[in-house]
Amino acid sequence: MKQYQLESALLPQGWVRECTVTVADDGIITHVDTGAGLAPTLGSISTPDVALAPDLAPASDGASTFGAERVAGIAIPGMPNAHSHAFQRAMVGNTEYRVSARDSFWTWRQAMYQLANRIEPEELQILATQLFVEMLKAGYTSVAEFHYLHRQKNAAPYPGTNGLWEAIDNAAEIAGIGLTFLPTLYQTSDFGGKPLKREQARFAMDTDVFLRAIQQRLADRRHQSRARTGAAFHSLRAVPLEHLREAALQLRGLDAALPVHIHVAEQLREVKACRQETGRRPIELLLDSGLLTPHWCLVHATHATPEELKGIAAAAAIVCASISTEANLGDGFFDTTRFLKAGGCLCVGSDSQATVSPAEELRWMEYQQRLRKKRRAVLAADTEPHVGTRLWRDAAQHGAQAIGQPAGAIAVGRRADWLVLDDTHPSMVGATAETALDHLLFAGASAAIRDVMVAGRWVILEGRHAADEALRGRFAHLMHGLAAPG
Ligand SMILES: [Zn+2]
C-alpha cells in the first residue's frame, strides 16, 4: 500500500488541490482524501483479482520512506487507447505519397497488406514495445489491441503458442501499459461471404478456434493486474452476420462483460456494398441484431445516419473515433456534436498510429466541429464549459468502459493510472487547474506530460522510460530492414 499527496488533481467531481490518494499493492485506489472526507466511490467497474507485474520503472526520486509521496504538478486520469493495430506503426510516414490519382483508404490497404505479410513475431514485439512506450509518453496508459494478424507467413497456424499474440502480450509487459487484447475474427473479403484474398490469408480464423482461444486466455490471465481479454469482429465485410451473431452470443456466455469491438461504416464503399448485399446499412444491421450492449465498442461509425447515432446511444454502446486515422485515410467526418447531444459515449484510439496522442485526437474532434459549424467551443457541455476538461474526462471514462478495465478516473475502485503535467513547462505557464486540459489539448502541452503511472507504478519519469536506451537501436535496425525491398 502506498500514499500519494497530489498537489492538484482532476477527480470525477472536479478539480481539487492537495488530495491524498491511497493505492493498494494491486494498483487499485482504495482511498481518495480531499481534506473534506473521502471522495465518492465509483463502483460500476469491478476490481479484478490481481497479482502485480514486475516493476519496470526506475524508483521515483520523490519517493519518501515515510508518509505520502509528494507529487508536484497537475495529476489527471490516464487515457485508455480504445483502438490500435500495433504493426501499422511501421507504416507511419511511409505512405504519404501519390500512387495514383485515385489514392484512398483502399490503395493504402494494399500497402498495409504488404507489411502484414512480412512481419515476424520478434519484429512485432519490437514495434509494439516502441509504440506502447510512445503511447505512455503521450498519455495513453492502456490500449485495446485489435489484432487480426494470426497465422505464419505461409498461412499455416502457429503450432502451440501463437507467436504474434505473444509478441503483443510481451510488449505490453515490457512497456508497462495496460492491455486489452482483442483477438479478431476475420473470415471473408467482402459482403456475401466472399473468400479471403491471398494477401488476407494470415488473418483467417475459424469461429471455433476463436472462441476456444478467448476462453483459454480468460482462464489463464484472470489474475493479471493490467491485462484483459476481449474480442473483436473485424467488420461486417470480414465476418458474415450469422457467424457474428452465433459467436457474440457464445462470447456473452463466457463473460457477460467481455469487451466486444467492431470496425463499422468507416468508408462509403463499405456502406454501399452492405446495402447492395443486404438491403440494410451496416450500423442498421448491428442495431437490428439486438446484440449491442454497453460492452460493445463501434470503431469509426463515420457514416452513421442521425437515426443510427440515436440507436447506438440508446443501446449505450460506445463509439471509438480515431480522428487522426480517419483524416489520414480520407474516411469522412464523424458527427460528434449530434452523437453527444443524443447522449452517446465517445472514446478515442490511435488506430493506424498516424498520430499517437490523445490530446491531438481530442483537439481534432473539436476542430472538425468548429470547421463545419463556424463556431468555437462546440463540444463544451452545459455542466463543463472547458472543452479540454469535458473531452478528456469523458473520453477517459468511456475509454475505460470500452476496453473493460477499471481505469479512466482517479477514484476509489479504479486503477492508479494517471499523468502528471509539469505546470512550470512553457506550454502550461499561466494555466490554472481549470484551464490545464485546455492547455493540454490546444496549447501543445503534450510536451508537459512529465510522469506517468500505471497500476500504481511510475512507468515514465521526467519523460523517460526504462526501456528507452535498449529500444532505440533495435527499433532503428528493424525499421531499416522493413524499408529494404522485401
Ligand atoms: Zn482499425
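Given the residues Ala116, Ala155, Ala172, which is the only one that is touching a residue at least 40 places away in the same chain (Cβ under 8 Å), closer than 21 Å to His480 by Cα and among the small types (Gly, Ala, Ser)?
Ala116
Just checking, which of Gln216, Gln200, Gln187 is in a loop (DSSP other than H, G, I, E, B) and over 29 Å from Lys310 (Cα atoms)?
Matching residue, one of Gln216, Gln200, Gln187: Gln187.
Of the residues Ala301, Ala313, Ala395, only one is farther than 25 Å from Ile76 by Cβ, buried (at least 24 other Cβ atoms within 10 Å of the Cβ) and touching a helix residue (DSSP H, G or I) at 6+ places or on another chain (Cβ under 9 Å); which?
The conditions single out Ala301.
Could you list, in sequence order, the residues of region 320-348 that are within 16 Å of the ligand (Cβ to nearest atom) and more than 16 Å from the chain's Cα centre (by Cα)?
Of everything in region 320-348, those that are within 16 Å of the ligand (Cβ to nearest atom) and more than 16 Å from the chain's Cα centre (by Cα) turn out to be Ala327, Asn328, Leu329, Gly330, Asp331, Gly332, Phe334.
Got a sec? Which of Thr30, Thr20, Thr95 is surrounded by 14 or more Cβ atoms within 10 Å (Cβ to Cβ), at pLDDT below 95 and over 25 Å from Ile174 (Cβ atoms)?
Thr95
Restricting to region 276-319, what's the tally of residues that are outside any helix (DSSP H, G or I) and more than 16 Å from the ligand (Cβ to nearest atom)?
14
Given the criterion surrounded by fewer than 24 Cβ atoms within 10 Å (Cβ to Cβ) and modelled with pLDDT under 95, identify the matching residue among Gly253, Gly330, Gly290.
After ruling out the rest, the residue left standing is Gly330.
Looking for something within 16 Å of the ligand (Cβ to nearest atom), over 24 Å from Pro282 (Cα atoms), touching a residue at least 60 places away in the same chain (Cβ under 8 Å) and in contact with a helix residue (DSSP H, G or I) (Cβ under 7 Å, 6 or more places away or on another chain) - is there at least one such residue anywhere in region 176-193?
yes
Right, Leu182: within 18 Å of the chain's Cα centre (by Cα), not in a loop (DSSP other than H, G, I, E, B) and not acidic (Asp, Glu) or not?
Judged against the criteria, Leu182 is a match.
Check region 120-138 and report whether any residue there is buried (at least 18 other Cβ atoms within 10 Å of the Cβ), touching a residue at least 60 places away in the same chain (Cβ under 8 Å), among the β-branched types (Val, Ile, Thr) and touching a strand residue (DSSP E or B) at 6+ places or on another chain (Cβ under 6 Å).
No, because not a single residue in region 120-138 is buried (at least 18 other Cβ atoms within 10 Å of the Cβ), touching a residue at least 60 places away in the same chain (Cβ under 8 Å), among the β-branched types (Val, Ile, Thr) and touching a strand residue (DSSP E or B) at 6+ places or on another chain (Cβ under 6 Å).
If you scan region 361-379, which residues turn out to be under 14 Å from the mean Cα position of the chain (by Cα) and away from the ligand (no atom under 16 Å from the Cβ)?
Within region 361-379, Leu362 is the sole residue that qualifies.
Inspect region 222-238 for any residue being surrounded by fewer than 23 Cβ atoms within 10 Å (Cβ to Cβ), in contact with a helix residue (DSSP H, G or I) (Cβ under 9 Å, 6 or more places away or on another chain), touching a residue at least 24 places away in the same chain (Cβ under 8 Å) and in a helix (DSSP H, G or I) and give the result as yes or no.
The answer is no; no qualifying residue exists.
Table: residues versus (1) within 16 Å of the ligand (Cβ to nearest atom); (2) in contact with a Phe, Trp or Tyr (Cβ under 9 Å, 6 or more places away or on another chain); (3) outside any loop (DSSP other than H, G, I, E, B).
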site	(1), (2), (3)
Val133	no, no, yes
Glu145	yes, yes, yes
Lys153	no, no, no
Tyr158	no, yes, no
Leu164	no, yes, yes
Ile174	no, yes, yes
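Give the residues of region 448-478 that are assigned to a helix (DSSP H, G or I), crowded, with 16+ Cβ neighbours inside 10 Å and aliphatic (A, V, I, L, M), sorted by residue number.
Those that are assigned to a helix (DSSP H, G or I), crowded, with 16+ Cβ neighbours inside 10 Å and aliphatic (A, V, I, L, M): Ala448, Leu471, Leu478.
The values are calculated or read from the model by the stated rules, or taken from the named source; none is laboratory data. If you're wondering where the values come from, they're calculated on a predicted model, not measured in any experiment. Positions of Cβ are backbone-derived with ideal geometry, glycine not excepted, and every protein chain shown enters the neighbour counts.
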